[in-house]
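**Q** A single structure is presented below for examination.
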Amino acid sequence: MERPLWVRWLKVYAIGGAIIGSGFLLFKYTTPTDEQLISQLSPELRLQYEREKKLRQSEQQALMKIVKETSQSNDPIWKTGPIQSPWERSGDNVQSRDHFAKIRAEEVQKEELARIRDELSQLRSDTEKKTKEIVQDKQGKSWWRFW
């Protein structure tokens, strides 16, 4: 004898719920957190991530500002805001991308200059120490004394 219709639907919903629930639990417990991903990066990539964190945040804030301005307008979304379509050939979109790339390059250059300044000051202090040692050794000895 055939089962009632509600039993078949109950079976469908139970199996579907089990599949969806197991997928959700697998995703939740097997996906690493952001902190775990960052901790597994190589030291160079981790430093680069930390350096560019502020730049990404400022880029996100600029995007949110544009979104807020666009949402307050009564015009359709494709007519408002400075965000251009990627298929359009205007230079505004490229200009904003270049702006953030320029900021990133300036930050890298500043860090490099700071590192070079530190190395230079270290070299200067080392040479000053060596010069003082040489001068003290020469002052203690006279050229006409042999002992």
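The values are calculated or read from the model by the stated rules, or taken from the named source; none is laboratory data. No experiment lies behind these values; they were computed from the predicted model shown. Backbone-built Cβ (ideal geometry, glycine too); neighbour counts: all protein chains shown.
**Q** For segment 32-68, which positions are within 16 Å of GLU107 (Cα to Cα) and part of a loop (DSSP other than H, G, I, E, B)?
**A** GLU52
**Q** Ok, one more. Of the conditions (1) modelled with pLDDT under 95; (2) exposed (fewer than 10 other Cβ atoms within 10 Å of the Cβ), SER58 clears all except one; give me its number.
**A** Evaluating SER58 over (1) modelled with pLDDT under 95; (2) exposed (fewer than 10 other Cβ atoms within 10 Å of the Cβ) leaves (2) as the failure.
For (1) surrounded by 10 or more Cβ atoms within 10 Å (Cβ to Cβ); (2) among the β-branched types (Val, Ile, Thr); (3) not assigned by TED's automatic domain parsing to the domain that holds ALA105, each residue gets a yes or a no:
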{"residue": "ARG3", "(1), (2), (3)": "no, no, yes"}
{"residue": "PHE24", "(1), (2), (3)": "yes, no, yes"}
{"residue": "LYS28", "(1), (2), (3)": "no, no, yes"}
{"residue": "PRO32", "(1), (2), (3)": "yes, no, yes"}
{"residue": "GLU52", "(1), (2), (3)": "yes, no, yes"}
{"residue": "ILE66", "(1), (2), (3)": "yes, yes, yes"}
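**Q** Still on this structure, I have one more. When you check SER142 against the structure, is it part of a loop (DSSP other than H, G, I, E, B), at pLDDT below 85 and farther than 30 Å from TYR49 by Cα, yes or no?
**A** So SER142 passes the test.
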